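Everything on this sheet refers to the single structure shown next.
The values are calculated or read from the model by the stated rules, or taken from the named source; none is laboratory data. Keep in mind that this is a model prediction, so the values were computed, not measured. Don't worry about glycine lacking a Cβ; one is built from the backbone with ideal geometry, like all the others, and counts go over all protein chains shown. Side chains included, ligands, DNA and RNA excluded: accessible areas come from the protein's heavy atoms. Shrake-Rupley method; radii C 1.70, N 1.55, O 1.52, S 1.80 Å.
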Amino acid sequence: MAAPEPGSNPSTQQLGEHILPTCSTFEATGAEADSNGLFSPSLDTQLNIWSLAIFQGLEGGHAIIRLACCSGLLLALRISCSILPVKKRGVKGIAEDELVMTFADVIDHFSISSVGTLSEIYCAPTSHLLGLIMRTIEDAFDGGRFLSSLQSSLSSNAKFKIHIPLDSPISESIKSVSNSTSIAYIGSISKLCARTVSLFVDHRPNAALPLISEAYEKLNSITAHVVTDWFPTALSGATGQSLLSPDAREVTTAIWATLKTLLFSVIMITEAGLSALVYIPSSSAVLPRNSTLAVIVLQTLSHLSFVIAQFGGAGHGAFDELKRLFYLALDVLGSDVAESNEYARRLCDVKSGLDPPLAHPFIKRKKLLRFQQSNNLFLCLTN
């Protein structure tokens, strides 16, 4: 049976009639596929082509139907991958990414009032779902390394202090990130992650905290890589568009769009966890770990201080979502006096190690955010 036509709305039965016989064929002929001749496609290539054909057939279908079919396809691929060499088992990654994005579409499809329906959807193993979502987010932002070629791509000319050729490595890198399917769906994926984190904390707090801490550490790592690659460049000290060549402005616009997208994802995901933690009874055994999560969130925001500055900082001038997360993290941290004092000491002792001029815009923005953190933390502890 041929793969469903692109744009069609196949039924689950039709997809099953296609998937199961095809998987059986792949399993039966897998060992033979690699010996069909020099110009014959390998089994992993055939699986890739087949999977993409299935996904094209699912386009335009109902979110729930696509979710069911993607789940079945992923299961089928995992069975088929068992006969592949270890290095060629990455073919199921396509199905995993598609599953996360389809799941995100399902969440968008149902209103927040559909509590019963959403609860049924989340019967899937929450820990595995959270890990899969975080892997997708990490891949979407290239693990925070999408600016790794920025410094080497910068140059200057007679007219402009900063020039970035459109064929430079950073141009290709940021274009690859911006045009990826994961980034196109990152709003829905982040919403799915936030909902997963919230439900995980609500229903299984003891199991949730270590895994959510791990997820937040991953976000912290992503933002740490970003700031490490951003700070040494001339762009971090640029104070106006007049310093940039037209090509540099085009690339820089794409960079800032990606940085702001990262900030919004961080805010959505981390706020969900901290908000859910507030409702855990004070007698709960997980309470001492709440402050640890708050510290990770504040560190992550600190890494993105140069992006936050574009929105007026994290204090009273910030947009509502950022302001809510900022003060919520400080409140959660303030409930643990020992951890609060330790974090305040670290804020005062932090040194960049690079001895930049204090007037450097990047340093000024970072110092402002630290001041806002320490000042509000002092008020929390005083109250």
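Can you name every residue in the range 157-172 that is in contact (Cβ under 8 Å) with a residue 24 or more places away in the chain and not aliphatic (A, V, I, L, M)?
Our first condition is that a residue be in contact (Cβ under 8 Å) with a residue 24 or more places away in the chain; within the range 157-172, this holds for 157, 159-166, 168, 170-171.
The answer is N157, K159, F160, K161, H163, P165, S168, S171.
Taking the range 307-321, which residues are over 14 Å from S275 (Cβ atoms) and either open to solvent by 40 Å² or more (accessible area, probe 1.4 Å) or part of a helix (DSSP H, G or I) (or both)? Break it down into steps so the answer makes sense when it comes.
Here is the first cut: in the range 307-321, the ones over 14 Å from S275 (Cβ atoms) are 307-319.
Hits for the range 307-321 are V307, I308, A309, Q310, F311, G312, H316, G317, F319.
I need the full set of residues from the range 298-341 which are free of Cβ contacts under 8 Å to residues at least 40 places away in the same chain and among the charged types (D, E, K, R), in order please.
Once the filter is applied, which keeps residues that are free of Cβ contacts under 8 Å to residues at least 40 places away in the same chain and among the charged types (D, E, K, R), the range 298-341 yields D320, K323.
If I filter the range 177-188 down to residues being surrounded by 15 or more Cβ atoms within 10 Å (Cβ to Cβ) and not aliphatic (A, V, I, L, M), which single residue comes out as farthest from I267 (Cα to Cα)? Explain how you work it out, then say what you get.
Step one: filter the range 177-188 for residues surrounded by 15 or more Cβ atoms within 10 Å (Cβ to Cβ), giving 177-178, 180, 182-183, 185-188.
Applying the additional criterion that residues be not aliphatic (A, V, I, L, M) yields 178, 180, 182, 185, 187-188.
Numbers: S178: 20, S180: 21, S182: 18, Y185: 16, G187: 11, S188: 14 Å.
This residue is S180.
To keep it simple, each residue is scored yes or no on (1) of a type in the set (S, T, N, Q); (2) modelled with pLDDT under 90; (3) over 26 Å from A207 (Cα atoms).
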{"position": "L77", "(1), (2), (3)": "no, yes, yes"}
{"position": "I112", "(1), (2), (3)": "no, yes, no"}
{"position": "L118", "(1), (2), (3)": "no, yes, no"}
{"position": "L150", "(1), (2), (3)": "no, no, yes"}
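I'd like the full set of residues that are of a type in the set (S, T, Y) and touching a residue at least 40 places away in the same chain (Cβ under 8 Å), limited to the range 173-209. Spell out the reasoning first.
Step one: of the range 173-209, the residues of a type in the set (S, T, Y) are 173, 176, 178, 180-182, 185, 188, 190, 196, 198.
Of everything in the range 173-209, those that are of a type in the set (S, T, Y) and touching a residue at least 40 places away in the same chain (Cβ under 8 Å) turn out to be S178, S180, T181, S182, Y185, S188, S190, T196, S198.
State all residues of the range 42-64 that are under 25 Å from the mean Cα position of the chain (by Cα), open to solvent by less than 60 Å² (accessible area, probe 1.4 Å) and more than 15 Å from A95 (Cβ to Cβ); if no residue qualifies, say none.
A63
Scan the range 144-176 for residues that are assigned to a helix (DSSP H, G or I), open to solvent by less than 70 Å² (accessible area, probe 1.4 Å) and in contact with a helix residue (DSSP H, G or I) (Cβ under 6 Å, 6 or more places away or on another chain) and jot them down.
Within the range 144-176, G144, L150, S153, I170, S171, I174 meet the criteria.
Among the residues of the range 124-132, is any at pLDDT below 70, surrounded by fewer than 18 Cβ atoms within 10 Å (Cβ to Cβ) and within 30 Å of H62 (Cα to Cα)?
Of all residues in the range 124-132, those at pLDDT below 70 come to 124-125.
Cutting the leftovers down to surrounded by fewer than 18 Cβ atoms within 10 Å (Cβ to Cβ) gives us 124-125.
Next, only the ones that are within 30 Å of H62 (Cα to Cα) stay: 124-125.
For the range 124-132, residues at pLDDT below 70, surrounded by fewer than 18 Cβ atoms within 10 Å (Cβ to Cβ) and within 30 Å of H62 (Cα to Cα): present.
Tell me which residues, restricted to the range 175-219, are touching a Phe, Trp or Tyr at 6+ places or on another chain (Cβ under 6 Å) and closer than 30 Å to Q151 by Cα.
V177
Which numbered condition trips up L84, out of (1) buried (at least 17 other Cβ atoms within 10 Å of the Cβ); (2) under 25 Å from T196 (Cβ atoms); (3) of a type outside the set (S, T, N, Q); (4) modelled with pLDDT under 80?
Status for L84: all satisfied but (2).
In this structure, does D229 turn out to be within 23 Å of T136 (Cβ to Cβ), among the acidic types (D, E) and touching a residue at least 60 places away in the same chain (Cβ under 8 Å)?
Working: within 23 Å of T136 (Cβ to Cβ): yes; among the acidic types (D, E): yes; touching a residue at least 60 places away in the same chain (Cβ under 8 Å): yes.
Judged against the criteria, D229 is a match.
Given A248, A272, which one is open to solvent by less than 50 Å² (accessible area, probe 1.4 Å), closer than 21 Å to I189 by Cβ, small (G, A, S) and at pLDDT 90 or above?
A272
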